[in-house]
Amino acid sequence: MSRRKPPVAGVVPFPRPQLPEASEEVIALAFAELRQNDLRYVAEQRVWMEWNGVTWRKDRVLAVFNGIRTLTRATVDRAIETGGKTAIEAGRIASARTVAAVERLAQADPRLAATPEIWDADPMLLATPAGYVDLATGCLIPARADRYATRQTLSAPRLDANACPRWSAFLDEITGGDSNLAAYLQRV
């Protein structure tokens, strides 16, 4: 009786098989490819986060699950059109079990996986409907997904906010004309 040698780390002992187009793995990879710019899964919190163009929001209505359902149905349609699947096979692929399996696989995809530490990491960014206010400079900057902001004000800053004569007069009075202190107080 011969003993098998343990596999060498990083070496695949045999060629990787081509996966069927309608397999859970292939659908999960396609889903991650489609949503890598606007979706993250935080395993520690068991929550999907979705980018809405300004901030990241928790998926509270199972939109991710529904998106996977849509992709799974499209996969089934393609498989039937090409003559590769029967109605029974198509029903299995489009089942809730398959959709749940695809979601589980997608959660672990490195393009979608995130840790809790990335969210709201920059305390000097204030998300508003018009973009982010850099609290260090007072400048409005464009919103970007890679800043991972989850909190947002209800209103955007007014671009003509400096044209407030009463406020400017008040700041001038309480700071004794110190424009640097006035600018600091305005940012605060």
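The values are calculated or read from the model by the stated rules, or taken from the named source; none is laboratory data. In this text, all values refer to a predicted model and were calculated from it rather than measured experimentally. When we count neighbours, we look across all protein chains shown, and the Cβ atoms used for this are built from the backbone with ideal geometry, even at glycine. Each accessible area value is taken on the protein alone, full model and side chains, heavy atoms only, with ligands, DNA and RNA left out. Shrake-Rupley method; radii C 1.70, N 1.55, O 1.52, S 1.80 Å.
Here's the yes/no breakdown for (1) touching a residue at least 24 places away in the same chain (Cβ under 8 Å); (2) out of contact with any helix residue (DSSP H, G or I) (no Cβ under 8 Å at 6 or more places or on another chain):
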{"position": "55", "(1), (2)": "yes, yes"}
{"position": "61", "(1), (2)": "no, yes"}
{"position": "72", "(1), (2)": "yes, no"}
{"position": "91", "(1), (2)": "no, yes"}
Residue 116 passes all but one of (1) farther than 30 Å from residue 22 by Cα; (2) open to solvent by 50 Å² or more (accessible area, probe 1.4 Å); (3) not hydroxyl-bearing (Ser, Thr, Tyr); which number fails? (2)
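Residues are listed down the side, and each one gets a yes or a no for (1) surrounded by 14 or more Cβ atoms within 10 Å (Cβ to Cβ); (2) touching a residue at least 40 places away in the same chain (Cβ under 8 Å); (3) outside any loop (DSSP other than H, G, I, E, B):
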{"site": "149", "(1), (2), (3)": "yes, yes, no"}
{"site": "154", "(1), (2), (3)": "no, no, no"}
{"site": "169", "(1), (2), (3)": "no, no, yes"}
{"site": "176", "(1), (2), (3)": "no, no, no"}
Return yes when residue 145 is surrounded by fewer than 17 Cβ atoms within 10 Å (Cβ to Cβ), of a type outside the set (D, E, K, R) and in contact with a strand residue (DSSP E or B) (Cβ under 6 Å, 6 or more places away or on another chain) and no when it is not. yes
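Restricting to the stretch 121-138, what's the tally of residues that are surrounded by fewer than 16 Cβ atoms within 10 Å (Cβ to Cβ) and either in a loop (DSSP other than H, G, I, E, B) or in contact (Cβ under 8 Å) with a residue 40 or more places away in the chain (or both)?
At the first step, the residues of the stretch 121-138 found to be surrounded by fewer than 16 Cβ atoms within 10 Å (Cβ to Cβ) are 121-124, 129, 134-138.
Imposing the further condition that a residue be either in a loop (DSSP other than H, G, I, E, B) or in contact (Cβ under 8 Å) with a residue 40 or more places away in the chain (or both) reduces the set to 121-124, 129, 135-138.
Counting residues in the stretch 121-138 that are surrounded by fewer than 16 Cβ atoms within 10 Å (Cβ to Cβ) and either in a loop (DSSP other than H, G, I, E, B) or in contact (Cβ under 8 Å) with a residue 40 or more places away in the chain (or both) gives 9.
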Only unsatisfied item for residue 107, checking (1) touching a strand residue (DSSP E or B) at 6+ places or on another chain (Cβ under 9 Å); (2) open to solvent by 40 Å² or more (accessible area, probe 1.4 Å), is (2)
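Let's see how each residue does on (1) modelled with pLDDT under 95; (2) charged (D, E, K, R); (3) farther than 25 Å from residue 188 by Cα; (4) in contact with a Cys (Cβ under 8 Å, 6 or more places away or on another chain):
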residue: 77; (1), (2), (3), (4): yes, yes, yes, no
residue: 80; (1), (2), (3), (4): yes, no, yes, no
residue: 84; (1), (2), (3), (4): yes, no, yes, no
residue: 104; (1), (2), (3), (4): no, yes, yes, no
residue: 108; (1), (2), (3), (4): no, no, yes, no
residue: 112; (1), (2), (3), (4): no, no, yes, no
residue: 116; (1), (2), (3), (4): no, no, yes, no
residue: 142; (1), (2), (3), (4): no, no, no, no
Assess whether residue 187 counts as being touching a residue at least 40 places away in the same chain (Cβ under 8 Å), open to solvent by 70 Å² or more (accessible area, probe 1.4 Å) and in contact with a Gly (Cβ under 8 Å, 6 or more places away or on another chain). yes
Taking the stretch 71-96 only, how many residues are assigned to a loop (DSSP other than H, G, I, E, B) and either touching a Leu at 6+ places or on another chain (Cβ under 7 Å) or surrounded by fewer than 16 Cβ atoms within 10 Å (Cβ to Cβ) (or both)? 5
